[in-house]
């Protein structure tokens with residue numbers, strides 16, 4: 001993940017310090033703190049989602065390239081692992097391991113642990 005735990009701690013500390021220095025009775029200060037927290041959370045979430053997307057995209061490109069070369073010359077190129085997994089799964093899914101990993105990630109993100 002691009003945004004390290006240390007950076008998250010720095011952001012959390014800065015937000016906490018801002019909350020302490022501002023009056024809790026001032027609506028603008030409260031709104032400012034809430035917007036800053038929201039934007040920080042969105043930045044962290046967006047970065048994680050983009051990182052996940054780029055990882056998946058890279059794997060898809062690699063697999064497509066391997067499949068293309070295998071189809072073009074099946075006698076001289078080994079069967080791509082993604083095709084082997086597809087055959088072993090009984091044709092259930094071309095990307096069964098990827099689908100399972102995304103299910104786990106989605107369940108984890110829905111529980112609110114994505115910001116932990």
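The values are calculated or read from the model by the stated rules, or taken from the named source; none is laboratory data. None of these values were measured; they are calculated from a predicted model. A quick note on method: Cβ atoms are made from the backbone with ideal geometry, for glycine too, and the neighbour counts reach across all protein chains shown.
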**Message:** For region 68-78, give me each residue that is surrounded by 11 or more Cβ atoms within 10 Å (Cβ to Cβ) and at pLDDT below 90.
**Reply:** 77
**Message:** Which of the numbered conditions does residue 103 fail, given that it passes all the others? Conditions: (1) surrounded by 11 or more Cβ atoms within 10 Å (Cβ to Cβ); (2) in a helix (DSSP H, G or I); (3) not assigned by the TED database to the domain that holds residue 16.
**Reply:** (1)
**Prompt:** Taking region 41-87, which residues are more than 30 Å from residue 10 (Cα to Cα) and either in contact (Cβ under 8 Å) with a residue 40 or more places away in the chain or not in a helix (DSSP H, G or I) (or both)?
**Reply:** 73, 74, 75, 76, 77, 78, 79, 80
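Quick check: is even one residue across region 88-97 part of a helix (DSSP H, G or I), outside the structural domain of residue 12 (by the TED database) and under 21 Å from the mean Cα position of the chain (by Cα)? Before you say what the answer is, go through the steps one by one.
Filtering region 88-97 for residues part of a helix (DSSP H, G or I) gives 88, 96-97.
If we keep only those that are outside the structural domain of residue 12 (by the TED database) as well, we get 88, 96-97.
Right, trim to under 21 Å from the mean Cα position of the chain (by Cα) and you get 96-97.
Yes: region 88-97 contains one or more residues that are part of a helix (DSSP H, G or I), outside the structural domain of residue 12 (by the TED database) and under 21 Å from the mean Cα position of the chain (by Cα).
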